[in-house]
Amino acid sequence: MVSRRVLSFLCLLVTLISQAIAKPQYQYAVCITEGEDYAPNSTYHTNLKTVLSRLTSNTQIDYGFYNATYGQDSDRVYASGICRGDVTPHACLTCLNNSTSLLLKQCPHQKRVAGGYDECMLHYSNRSVLGYYDSDFRVYLQSKNNVADWNKYSYVLNKLLSRLRVKASTADPNLNRKYASGNATGPNSKTIYANVQCDPDLTVAQCNDCLDGAFSEIPNCCDNMSGGMVIKFSCNFRYENYSFYKPTPDTLTLQLSPQGASPPSPAPSTTANSSESTYHGKSNKSKAVIAKYVVPIVVFAGLLIFICIYLRVRKRTKHFKSEAKVDDEIKEVESSQFDFDTIIVATNNFSVANKLGRGGFGPVYKGMLFNKQEVAIKRLSSYSGQGDIEFKNEVLLMSRLQHRNLVRLLGFCIEREERLLVYEFLPNKSLDNFLFDPMKRAHLDWKKRYKIIEGIAHGLLYLHEDSQPRIVHRDLKSSNILLDADMNPKISDFGLARLFVADETQIKASKIAGTYGYMAPEYARHGKLSTKLDVFSFGVIILEIVSGQKNNGFRNGENVEHLLSFAWKNWRKGTAANIIDPTLNNAFRDEIVRCIHIGLLCVQEKVADRPTMASVVLMFDSHSFAVPIPWQPAYFMNNRSLSDIKFSGCSSVETRSKEQKSDSADASANEASISSLYPR
């Protein structure tokens, strides 16, 4: 067995051999032909040679960023040079001197030139080269090896680059260096290595913007490639499936498993079969010089490198574990976990400008992921009253549910005492945002409202009967119905949802939770929980959609009305028009009245009287079915003031009123249809 001391010696030997014999892997020269060229032995030529010789003369600077200028007026020359953050000062100066020779040889007359090697970049011009400015300048450098599973490979790569971007942009300004390197475990347990870098004079926002633009070039540069590099004037990044940089004390080692991930498919692009560099600019006269990938390593040194890297990676690689104390169940969806730094960048550090609103869970922010996908990010507030149980509940439930009328969970984050949920972004926000706004309500014509009602019904039917196991939402309300760009409804917020096993029809809830006004009476009084709780809430939402009024009380002349009471009284009197929102087209009156009828069926006081969601969907899909006559709804009131309403479900009402009993006699002929429509 080889001792650790011998292994350490071998690793050191390998490092020295590699540094001694290895040559730069990439080299490139871009000659920008905008404007006039300079003539040999002209004043500009002389100034250029002077500024390049002075560029690296300040040996007191050891952080790898140099700049200089020389000359006057149109003959003034600006130059800057930057070296990779892990390169030693001596190696940096050597690389920049070699770059000077390369560029003067390849671009003998151009005033604007950029190029160098993978370890450094030299840029000179007849205009200032300091400060951040975006342009069409792009250099692509590719490896010549393809990746078998690019989707998983790029998923891990994107997360690694995102983490490194945050680290580089927020680096200690006293270090005068915006550089970060790290590695992560990719498909088939192979390690992906990457580094990112910005010019040290860039601000945090400028560095983020520059790297974000560079990352977006991956589909154009390096699609399906195991390694590549994108270089811009003010920043660059590189990745490989082998270690190409010298580790620093703060080099990241992340365990970002791609298993089970569903990253977005990359945009189609063409790739090269060999290592190449490409320049994309405004001038079609621009040219790029391509150097082939050369890594001369002897067999013995290569074998030692393999042993050294294997031992180090095996020792240093660790699982990316959450700091939160949650049950092992949540690890089943660990592939959907986002790191907190990615969330910080996506939301611009939870800026007020990105805030979409606030719910019971906490604030919700709009974010932009690395792949330009817009997301909504819910951040659990410490004072929200919800904790790990509700958080875990939503993660586990939503990771299993797939339906067009349920909001899609993209991932979650548990880090630094933070609890965050990442959802698909729905631009039209919630239903109540439209329904109860006097101006926006006009945009909801009856066709849109009916589509919303049907969509909610199908989403609930999926939860109650088609999902495994069955699910009761428990907090269905208009603010938890989100609308996509086409006004399609999606049920959201599953923090209070409960599971039902196959044989269960009703359970006793240990804690009553939900929203007053949407709770069914048997649940509010006794904690009896069943799918009929969601049916009751759905009935309330139907009446809200039809009337445009909130269920918790509205003023009708001098009286304060409760929506269920108001709808019931007008239904019995045959004045359904009083319930309908005046902004709706009267041409659809029959369909609207049928929806009121179904809504009243759903809010009946007794559980057995309410239809199942399967029956409700059948009523919507087939108008040939006769809809039974509803009983009086729960929480019925007679013109009480709003202060008297509070929460009427707290009072015990065990029998129907005499008035309702007389109605039941008239409706007895329809009771057979009730039992046939509501299978139990």
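Values for this structure:
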| item | result |
| --- | --- |
| Computed log₁₀ I(q)/I(0) - Debye formula, equal Cα scatterers, no solvent, segment 20-125, q 0.10, 0.11, 0.19, 0.21 Å⁻¹ | -0.26, -0.32, -0.90, -1.07 |
| Distance violations [Cα-Cα > 21 Å] among Lys355/Lys511; Lys429/Lys550; Lys451/Lys490; Lys429/Lys528 | Lys355/Lys511; Lys429/Lys528 |
| Inverse mean reciprocal Cα-Cα distance (Kirkwood Rh) of segment 91-214, Å | 16.6 |
| Residue-span extension gain [Asp590 to Glu417] - 0.36 nm each, minus C-alpha spacing | 56.9 nm |
| Length added when fully stretched, Lys429-Leu104, from 0.36 nm per residue minus Cα-Cα | 111.3 nm |
| Centre separation in Å (Cα based) which lies between segment 339-368 and segment 444-502 | 24 |
| Alpha carbon convex hull of segment 406-455, projected area averaged over orientations, nm² | 4.9 |
| Charge tally in the Cβ shell below 12 Å around Val617, where Lys, Arg are +1 and Asp, Glu are -1, Val617 excluded | -4 |
| Cα→Cβ-extended label distance, 7 Å offset, between Glu374 and Ile507, nm | 3.7 |
| Rounded FRET efficiency, nearest 0.05, which uses the C-beta distance separating Lys451 from Lys573 and R0 of 30 Å | 0.50 |
| Gain on full stretching of the segment that runs from His443 to Ala205 - 0.36 nm per residue minus C-alpha separation | 81.9 nm |
| Charge tally in the Cβ shell below 14 Å around Val147, where Lys, Arg are +1 and Asp, Glu are -1, Val147 excluded | 0 |
| Sparse-neighbourhood loop sites, chymotrypsin sites (Phe, Trp or Tyr not before Pro) in segment 387-491 - DSSP loop, at most 12 other Cβ within 10 angstrom | none |
| Using a Förster distance of 41 Å, the FRET efficiency for Arg76-Tyr242 (Cβ separation, nearest 0.05) | 0.45 |
| Two-site FRET efficiency, Leu499 against Arg404, from Cβ-Cβ distance with R₀ of 22 Å, rounded to 0.05 | 0.50 |
| Listed residue pairs exceeding 26 Å between alpha carbons, taken from Lys477/Lys573; Lys532/Lys569; Lys105/Lys232 | Lys477/Lys573 |
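Bear in mind these aren't lab numbers, they're just calculated from the coordinates by the rules spelled out. It should be emphasised that the depicted structure is a prediction, and the values quoted were computed from it without experimental measurement. Quick reminder, even Gly has a Cβ in these numbers, built from the backbone with ideal geometry, and neighbours come from all protein chains shown.
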